[in-house]
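This report refers to the structure that appears directly beneath it.
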Amino acid sequence: MRGALASGALAVSGSALVACGTKGAAQTEDTCVSEDLSGTEKTLTVSNWPQYIDVDEKDESKRPSLIAFEQKSGIAVSYTEDINDNNEFFGKVQNQLTACQPTDRDVIVLTDWMTARMIRLGWFQKLDTAKMPNFQKNLLPSLKGRPFDKNTEYAVPWQSGLAGLAFNGNVAKEIRTVDELLTRPDLKGKVTALTEMRDTMGLILLSNGHDPSNFTKAQFDDAINKLQKAVDAGQIRRFTGNDYAPELAKGDIAACIGWSGDIIQLGLEDEKIQFVAPDAGVMLFSDNSSIPNKASHKANAEQFLDYYYDPAVAAELAAYVNYICPVAGAKEAMEKIDPDLAANPLIFPDDALLGKAKVFKALTEAEEREYESAFQKVIGA
């Protein structure tokens, strides 16, 4: 998560459980015991989001930092980009984790609020951080002791990012506000928004002059009505997970609510694709690596995660994914790789950008159920 964060900027509160589908699903260390086979099985299975690891420019099937880890550790890694949306992935693994069964994954990467939910359900194994010296030493202080992981023992920040606006200058003129996105006639039917409720609704709340970290039900209702109006008008083509990026690159969509790292990556290929921090502000999020119950290669996973907390490795990763780096010392290492990226405030944010960033407030169980239900109804899920 974004380096050099202002004090408290990443104090992301874990959301309460969504009651739907989680009643009676909780586990504990006593009710769900996992066996670690790392001593005899030098393998590891990782599930992550698309475009979240470095790729060789000449051969996209190769991931340099991952290859280096395999050579250094002797651990063979099966790396899969099968996370497109938090709720969607939750549905993939819910039945197994509820029943204390293997998900066939050793590491999964989920956004802070979903990580919080799964910690509350007791679905993650506790990390042995004594075996993770890089992580202990180099995790940014602002990411230690977060409300949903007070002892920093279940969630290892992979990257952080900002949710804001993006546009393709080949097919649309510049966009500066959420209101433009939702109402501008030349964008009608050429707009996407995110299925992540906290990102889409957070930006709309900001556009209405309200604080996503501290809002009322009436303010949320105003924001949901604004979104519904845009849907009814045909302004929004669809709601997406990570899969909006190829459409924006091709110009099939002209503008969207998107994530900073995705847009920086697209902009390296086409400078007319740009990320915009709306005048009203941006949403701040973090994605965390965790080890699910019944994962049978826990020590291998800890070695893998610790490897990415070496500042040099973290800089190599950040240079490709272009999200906010959670590793102290990575900015200095980045200066040796690419000084321009080291100076990019979307990777190593400055105070000006952080001053515009908000984190969605922690929700009670009742709020989570009510707000998610209203949002899902509007987006047609």
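The values are calculated or read from the model by the stated rules, or taken from the named source; none is laboratory data. All values reported here derive from a predicted model rather than from experimental measurement. Quick reminder, even Gly has a Cβ in these numbers, built from the backbone with ideal geometry, and neighbours come from all protein chains shown. Quick note on the areas: whole protein, heavy atoms, side chains included, nothing else; ligands and nucleic acids left out. Shrake-Rupley method; radii C 1.70, N 1.55, O 1.52, S 1.80 Å.
Structure notes:
- Listed by chain and number, the lysines whose C-alpha is less than 26 Å from the C-alpha of Lys137, apart from same-chain residues fewer than 8 away, are Lys42, Lys72, Lys126, Lys150, Lys298, Lys331, Lys336.
- Centroid-to-centroid separation of segment 84-105 and segment 247-294 [C-alpha atoms, Å]: 25 Å
- For the residue pairs Lys92/Lys229; Lys58/Lys272; Lys272/Lys358; Lys58/Lys131, the alpha carbons lie more than 25 Å apart in Lys92/Lys229; Lys272/Lys358; Lys58/Lys131.
- Taking Cα atoms only, the orientation of helix 64-73 departs from the longest principal axis of the chain by about 20 degrees.
- Furthest towards positive pole of dipole, Tyr371, Ala99, Ala130, structure part the chain, Cβ charges: Tyr371
- Near the amide H of Ile273, within less than 5 Å, lie the amide hydrogens of Gly169, all on another chain or at least 5 residues away, with H placed in the peptide plane.
- Segment 213-260, accessible surface, carbon-and-sulfur percent (1.4 angstrom probe): 47 percent
- Accessible area per residue, Å², segment 161-231 with all protein chains present, probe 1.4 Å: 36 Å²
- Surface composition of segment 265-381: carbon plus sulfur atoms contribute 49% of the solvent-accessible area (1.4 Å probe, protein chains only, all chains present).
- Judged by the mean number of other Cβ atoms found within 10 Å, the most tightly packed of the peptides 45-51, 55-61, 174-180, 364-370 leads the ranking 45-51, 174-180, 364-370, 55-61.
- Rounded to the nearest 10 Å², the accessible area of Asp232 at probe 1.4 Å: 120 Å²
- Given +1 at the Cβ of Lys and Arg, -1 at the Cβ of Asp and Glu and no other charges, the dipole of the chain around its Cα centre is 760 debye to the nearest 20.
- FRET E, pair Lys377, Ala26, Förster distance 25 Å, beta-carbon r, rounded to 0.05: 0.35
- In this structure, Lys131 and Gln101 have a Cβ-Cβ separation that, at R0 = 45 Å, corresponds to a calculated FRET efficiency of about 0.95.
- Cα long-axis angle, helix 217-232 against the chain (0 to 90 degrees, to the nearest 10): 70 degrees
- Per residue, in Å², the accessible surface of segment 295-374 once ligands and nucleic acids are set aside, probe 1.4 Å: 38 Å²
- Assigned charges on the beta-carbon of Lys, Arg, Asp, Glu; segment 138-259 dipole about Cα centre (debye): 60 debye
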